[in-house]
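Here is the structure we will look at, set down as structure tokens.
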Amino acid sequence: MTLQGWTILLGLGYLALLLWAAARSWQRGRTADEFMFAGRRLGVRLGVLTYAAALFSAFTFLGMPDFFRTHGVGSWIFLAVSDAMMVFFVVLFGTAIRRRARELGFNGMAGMMAQVYAQRWVGWAMFASAFIFLVPYVAIQIRGIAVFFASTFPDLLSLAQWSALIVLIMLGFSEIGGFRAIVFADAIQGLSLLVILWILAGVCTGRVGGWSELWTQVRQAHPELCSVPGPKGLFTVQFLLASAIAIVMIPATQPQMSTRLVVMKSTAALHRMAVSVGVFAMVVIFPTALIGMYGAIRYAGVPAAEFQARALLLDQPPWIGGLSVIGLLAACLSTTNAQLFALGTELRSMLHGDDRQLLRWTRWAILGFAAVVFIFSVVMSDQLVLLARTSFAGTAMMGPLVLAAVAMRHPPRIIAGFSTIAMVLFFVSQLLRWPEQWFGIRLDLGLFVLLAILSSAAALLRPRPA
Amino acid sequence: MANSSNPSALRAVIWAAIVVSVLTFTPLVIPPSQCEPVLLGLPRTLWAGMLVAIVLVGLTALAARLIGTDDSGNPS
């Protein structure tokens, strides 16, 4: 059977699984809480897979092999080590936010922040940061998978039509099944991502003569890939440090991740989930290094899209190529679904009213967000990993705001002001393409350090009750 | 920290994680332009980075055991 045949067969199987998940999750007359938070009873296994699937997206599948190929082994520090730091933070932050959520109730991070700071603008700022930085991230992933489908089925549909089809599948699925269905889809995606990446890595390693040969060839032909800062000088200490801060802050500042911490069935389950995600991250990122190094040996210097199409599709037996396309579709759908759905949850947490009416508004809002994402996916560029990193850095500016709200009963409002100003500044810097470095310091790193100093000072100097 | 059965041990684990994280960004883990020594074929930065990630996940498991769960009812 050809690559197209396998892709259609496996794609139908995947769609059948999605339909099963949506049907299993659909309930007549369910409450908004059931729709948005799946009853807040997530166990360890589903918790690990849904957290990992929301975290590892098309950017892991497509972007990381290319990152290893282009920038070398520093990519491991950039993502795997930063993820290990993040899971440590999850244990501390997750415990604290669950305690705070028990005291205040939880409908979403924006609503919680508005409540803690007793200022509605703080909640809207939180929502705005998620919207501004998540929409391009969702869109670039949809574009990535649309490009991949267009190369698998040339002349069948245009890029915009593929994007529209993916958005429609995603939308229909989350509107029918809600959060519970997304969690089931995440579980399918988490497992398939792991298995498929290892199969691809095995084939790539075998094609260059095995493990030893792969690394020997890389060391001989591209020694600059074997250390930092890499051939293009990307992995400076500043870049790696700023990336680590941005990634560590993800559980606090990206609502789809924070929500997953709160809806775990217990704090003990959350802790086990964090440790397992740490292991999962290493096991899922390592095969991308092998695929990337294979690319460095075989496809050095070719454009990213060509390397991805060859290494993940054309160099593979047709059934693995088909698995690859569907694995990528699954990775893209679960992450983007989680992010779109989280935007709906965040908006809902800022609204008041009747439960059924709120649910209706949330669904319409998700539809609106999907339309914006579709438009972005048609007009934007292909820099998958770097755009994802911008998204992490942008939302991370809200870190001090969230951390203060979780750690203090009455956090100083000025911390919310600092975070919001930093987030807007960073957004403007991306929009107007300001220089990346100011006086030799990266803008994102400088803003993180400044925020940390100002927020710590505000927390230490705050008036305390007598 | 208040709910931990052993706050000083938890504090030590947190400090260990901070120290390991800081060391990651020094030449101890990421020496510029240096591939050697190679371990099982892997260049220095990669195997040292893997070691750091494993240590951090181990510290996460330790912190999870020490932090205490205090689950008097789920968040609603």
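Take the conditions (1) modelled with pLDDT of 85 or more; (2) farther than 22 Å from A:G144 by Cα; (3) not in a loop (DSSP other than H, G, I, E, B); A:L351 misses just one of them, which is (3). Restricting attention to region B:13-24, the residues that are more than 7 Å from every other protein chain (Cβ to nearest Cβ) and in contact with a helix residue (DSSP H, G or I) (Cβ under 8 Å, 6 or more places away or on another chain) add up to 5.
Looking only at region A:415-466, residues that are open to solvent by 60 Å² or more (accessible area, probe 1.4 Å), part of a helix (DSSP H, G or I) and not polar (S, T, N, Q) come to 10 in all.
On inspection, A:A128 does not qualify as open to solvent by 10 Å² or more (accessible area, probe 1.4 Å) and more than 19 Å from the chain's Cα centre (by Cα). When the residues of region A:354-378 are filtered to those that are closer than 30 Å to A:L3 by Cβ and open to solvent by 20 Å² or more (accessible area, probe 1.4 Å), the one that is modelled with the highest pLDDT is A:F374.
The single condition from (1) open to solvent by 40 Å² or more (accessible area, probe 1.4 Å); (2) facing chain A (nearest Cβ under 8 Å); (3) not acidic (D, E) that B:P27 fails is (2). Evaluation of A:F280 against the conditions (1) open to solvent by 30 Å² or more (accessible area, probe 1.4 Å); (2) in contact (Cβ under 8 Å) with a residue 12 or more places away in the chain; (3) within 21 Å of the chain's Cα centre (by Cα) shows that the sole unmet condition is (1).
When A:L312, A:L329 are screened for being buried (at least 20 other Cβ atoms within 10 Å of the Cβ), within 24 Å of the chain's Cα centre (by Cα) and closer than 20 Å to A:F68 by Cβ, only A:L312 passes. Within region A:220-236, if we keep just the residues that are farther than 13 Å from B:T45 by Cα and in a helix (DSSP H, G or I), the residue that is farthest from the other protein chains (Cβ to nearest Cβ) turns out to be A:A221.
On inspection, A:A407 qualifies as small (G, A, S), open to solvent by 10 Å² or more (accessible area, probe 1.4 Å) and either in contact with a Leu (Cβ under 8 Å, 6 or more places away or on another chain) or touching a residue at least 12 places away in the same chain (Cβ under 8 Å) (or both).
Just one of (1) touching a residue at least 60 places away in the same chain (Cβ under 8 Å); (2) among the small types (G, A, S); (3) surrounded by fewer than 24 Cβ atoms within 10 Å (Cβ to Cβ); (4) over 22 Å from A:W76 (Cβ atoms) fails for A:S334. It is (3). Just one of (1) surrounded by fewer than 24 Cβ atoms within 10 Å (Cβ to Cβ); (2) under 17 Å from the mean Cα position of the chain (by Cα) fails for A:F78. It is (1). The single residue among A:S258, A:S243 that is in contact with a Pro (Cβ under 9 Å, 6 or more places away or on another chain) and either among the hydroxyl-bearing types (S, T, Y) or at pLDDT below 95 (or both) turns out to be A:S258. Based on what the data block shows, is A:G209 modelled with pLDDT under 95, over 30 Å from A:A22 (Cα atoms) and open to solvent by 10 Å² or more (accessible area, probe 1.4 Å)? Criteria met by A:G209. Under the condition of being touching a Pro at 6+ places or on another chain (Cβ under 8 Å) and either among the polar types (S, T, N, Q) or in a helix (DSSP H, G or I) (or both), the residues counted in region B:35-71 number 2.
Screening region A:96-110 for residues that are part of a helix (DSSP H, G or I) and open to solvent by less than 10 Å² (accessible area, probe 1.4 Å) and picking the one that is nearest to the other protein chains (Cβ to nearest Cβ) gives A:A101. Of all the residues in region A:47-83, those that are facing chain B (nearest Cβ under 9 Å) and charged (D, E, K, R) number 1. Only one of the numbered conditions (1) surrounded by fewer than 24 Cβ atoms within 10 Å (Cβ to Cβ); (2) touching a Cys at 6+ places or on another chain (Cβ under 6 Å) is violated by A:I291, and that is (1).
The values are calculated or read from the model by the stated rules, or taken from the named source; none is laboratory data. Given the structure is predicted, the values throughout are model-derived calculations rather than measurements. Here Cβ is always computed from backbone atoms with ideal geometry, including for glycine, and neighbour counts include all displayed protein chains. These area figures cover heavy atoms from the full protein model, side chains too; ligands, DNA and RNA do not enter into them. Shrake-Rupley method; radii C 1.70, N 1.55, O 1.52, S 1.80 Å.
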